[in-house]
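The values are calculated or read from the model by the stated rules, or taken from the named source; none is laboratory data. The model shown is predicted, which means the values in this text are computed figures rather than measured ones. Every residue, glycine among them, receives a Cβ derived from its backbone with ideal geometry; neighbour counts consider all protein chains shown. Side chains are part of the model used for accessible areas, which takes the heavy atoms of the whole protein and leaves out ligands, DNA and RNA. Shrake-Rupley method; radii C 1.70, N 1.55, O 1.52, S 1.80 Å.
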Amino acid sequence: EETAIEPFVTTIGSTSIAIYNLCEREFGVAKFDSPGTAWISHPNAKSVVREGVATYDVVVLIAHGGIEYVPFPPLQRQRQLRSFIDLGVDAVIGHHPHVPQGWERHNGRPVFYSLGNFLMYIKRRPSTRWGMVVKLTFDEDRLLSAQPMLTQIEGESVSMLTNAEAHWKYLTRLSSITQDHDRLEPYWQEIAMREYERRYSRSPNPLVECVGILLRRMKYGSSRPKRYQLQKLNHIRNESQRAVIETALEIKTGVRVDVRTEQVSKDVDQLLLWTNDDLPTLVTRIQKAVS
């Protein structure tokens, strides 16, 4: 665990740079007696990063986590990444959702919630063929700029994305929502409810149930029961997936105030056109059609 949390350290000129790479909990995180990835919620993670802030001129956090194929981070994820900025980290660069998400400046320092895909193009999801890279410019230990640049996947190579006016407009819209925690809440609630219904809520409709069983068997084969249970265990342990479950159940039981609106639902419908274009989405549309 201690070794996994250690940063990659390099020097450019006279500036020392530490890059921490931390992820949400999934199978594969390092334990006290086995190797693996560095867990962002490990009890020692923040103290180690705080020591790095005191030791090195520049500290960058690469943060793996969030919900796949959605345009917004969980509120819990936002609080988590902002807390590292509060420790003195100069920039947080997030990835994992496979689609670009918005960004913000927290206490004057950038947080990018998801870069999207770079070279990992998922054929059944055409929306994953573009993403971002971020250029950070420093003057010794002072961050001058954080410039996102759009990329696209062409065959087995990556090039800069041109004629991207619509893409920038989309990302600007996401960022305007994400940077305001209160404004983000109804959008996150809408995403969480949809993700919960898609992933965890058993539908009484026999047609939808049959489609779901067929898809799971195609994915897991004969070992489906155990692997399906392991996936559920992984989702419960994972911070962002657990945020989906908690948010949805809190709304359903009245523990949390439901701040969603009809306009937010319509906005999410539009925004998901940029991220959800696969077979599971088709199944969701079937469910709506027959319900």
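With respect to residue 42, determine if the residue is open to solvent by less than 60 Å² (accessible area, probe 1.4 Å), touching a Cys at 6+ places or on another chain (Cβ under 6 Å) and without any contact (Cβ under 8 Å) to a residue 60 or more places away in the chain.
Numbers: open to solvent by less than 60 Å² (accessible area, probe 1.4 Å): yes; touching a Cys at 6+ places or on another chain (Cβ under 6 Å): no; without any contact (Cβ under 8 Å) to a residue 60 or more places away in the chain: yes.
Answer is no for this residue.
Among the residues of segment 105-124, is any of a type in the set (S, T, N, Q), farther than 29 Å from residue 83 by Cα and surrounded by 10 or more Cβ atoms within 10 Å (Cβ to Cβ)?
Taking segment 105-124 and keeping what is of a type in the set (S, T, N, Q), we get 107, 114, 117.
Filter once more, so that each one left must be farther than 29 Å from residue 83 by Cα: none.
No.
Looking at segment 46-62, I want the residues that are over 23 Å from residue 13 (Cα atoms) and part of a helix (DSSP H, G or I) and have a partner that is among the aromatic types (Phe, Trp, Tyr) and open to solvent by less than 10 Å² (accessible area, probe 1.4 Å) with Cβ atoms under 9 Å, at least 6 apart or on another chain. Which pairs are those?
Hits for this filter: 46/84; 48/20.
Under the condition of being over 19 Å from residue 76 (Cβ atoms) and open to solvent by less than 70 Å² (accessible area, probe 1.4 Å), which residue from segment 176-206 is modelled with the lowest pLDDT?
Only one residue fits best here, namely 203.
Can you pull out the residues in segment 83-98 that are on the phi < 0 side of the Ramachandran plot, open to solvent by 10 Å² or more (accessible area, probe 1.4 Å) and over 8 Å from the mean Cα position of the chain (by Cα)? Reasoning before the result, please.
As a first pass, look at segment 83-98 and keep what is on the phi < 0 side of the Ramachandran plot: 83-87, 89-95, 97.
Retained after the next criterion (residues that are open to solvent by 10 Å² or more (accessible area, probe 1.4 Å)): 83, 86-87, 90, 93, 95.
Within segment 83-98, 83, 86, 87, 90, 93 meet the criteria.
Just to be sure, is residue 165 within 18 Å of the chain's Cα centre (by Cα) and closer than 24 Å to residue 267 by Cβ? Break it down stepwise before answering.
Numbers: within 18 Å of the chain's Cα centre (by Cα): no; closer than 24 Å to residue 267 by Cβ: yes.
Spelling it out, it is not the case that residue 165 is within 18 Å of the chain's Cα centre (by Cα) and closer than 24 Å to residue 267 by Cβ.
From 101, 80, which residue is under 18 Å from the mean Cα position of the chain (by Cα), under 18 Å from residue 268 (Cα atoms) and either surrounded by 12 or more Cβ atoms within 10 Å (Cβ to Cβ) or of a type in the set (Phe, Trp, Tyr) (or both)? Walk me through how you get there before you give the answer.
On the way: 80 fails: under 18 Å from residue 268 (Cα atoms).
After ruling out the rest, the residue left standing is 101.
Take the residues of segment 130-159 that are closer than 28 Å to residue 274 by Cβ and β-branched (Val, Ile, Thr): which is surrounded by the most Cβ atoms within 10 Å (Cβ to Cβ)? Quick ask: steps written out before the conclusion?
Here is the first cut: in segment 130-159, the residues closer than 28 Å to residue 274 by Cβ are 130-136, 145-159.
Then drop every residue that is not β-branched (Val, Ile, Thr), which leaves 133-134, 151, 153, 158.
On the way: 133: 15, 134: 16, 151: 21, 153: 19, 158: 18.
Top of the filtered list is 151.
Quick check on segment 18-28: of everything there that is under 25 Å from residue 88 (Cα atoms) and hydrophobic (A, V, I, L, M, F, W, C), which residue is most open to solvent (accessible area, probe 1.4 Å)? Explain how you work it out, then say what you get.
At the first step, the residues of segment 18-28 found to be under 25 Å from residue 88 (Cα atoms) are 18-25.
After this cut, where a residue has to be hydrophobic (A, V, I, L, M, F, W, C) as well, the list is 18-19, 22-23.
Values: 18: 0, 19: 58, 22: 0, 23: 18 Å².
Checked segment 18-28; the qualifying residue most open to solvent (accessible area, probe 1.4 Å) is 19.
Quick one: in segment 1-17, which of the residues that are open to solvent by less than 90 Å² (accessible area, probe 1.4 Å) and not in a loop (DSSP other than H, G, I, E, B) is farthest from residue 56 (Cα to Cα)?
Residues of segment 1-17 that are open to solvent by less than 90 Å² (accessible area, probe 1.4 Å), as a first pass: 1, 4-5, 7, 9-11, 13, 15-17.
Pick out the ones that are also not in a loop (DSSP other than H, G, I, E, B) and you get 4-5, 9-11, 15-17.
On the way: 4: 18, 5: 15, 9: 9, 10: 10, 11: 10, 15: 8, 16: 5, 17: 6 Å.
Out of the qualifying residues, it is 4.
Do you know which residues across segment 127-162 are in contact (Cβ under 8 Å) with a residue 40 or more places away in the chain and more than 18 Å from the chain's Cα centre (by Cα)?
Those that are in contact (Cβ under 8 Å) with a residue 40 or more places away in the chain and more than 18 Å from the chain's Cα centre (by Cα): 136, 138, 140, 141, 143, 146, 158.
What do you reckon, is residue 69 closer than 30 Å to residue 269 by Cβ, open to solvent by less than 40 Å² (accessible area, probe 1.4 Å) and aromatic (Phe, Trp, Tyr)?
Details: closer than 30 Å to residue 269 by Cβ: yes; open to solvent by less than 40 Å² (accessible area, probe 1.4 Å): yes; aromatic (Phe, Trp, Tyr): yes.
For residue 69, the condition - closer than 30 Å to residue 269 by Cβ, open to solvent by less than 40 Å² (accessible area, probe 1.4 Å) and aromatic (Phe, Trp, Tyr) - is met.
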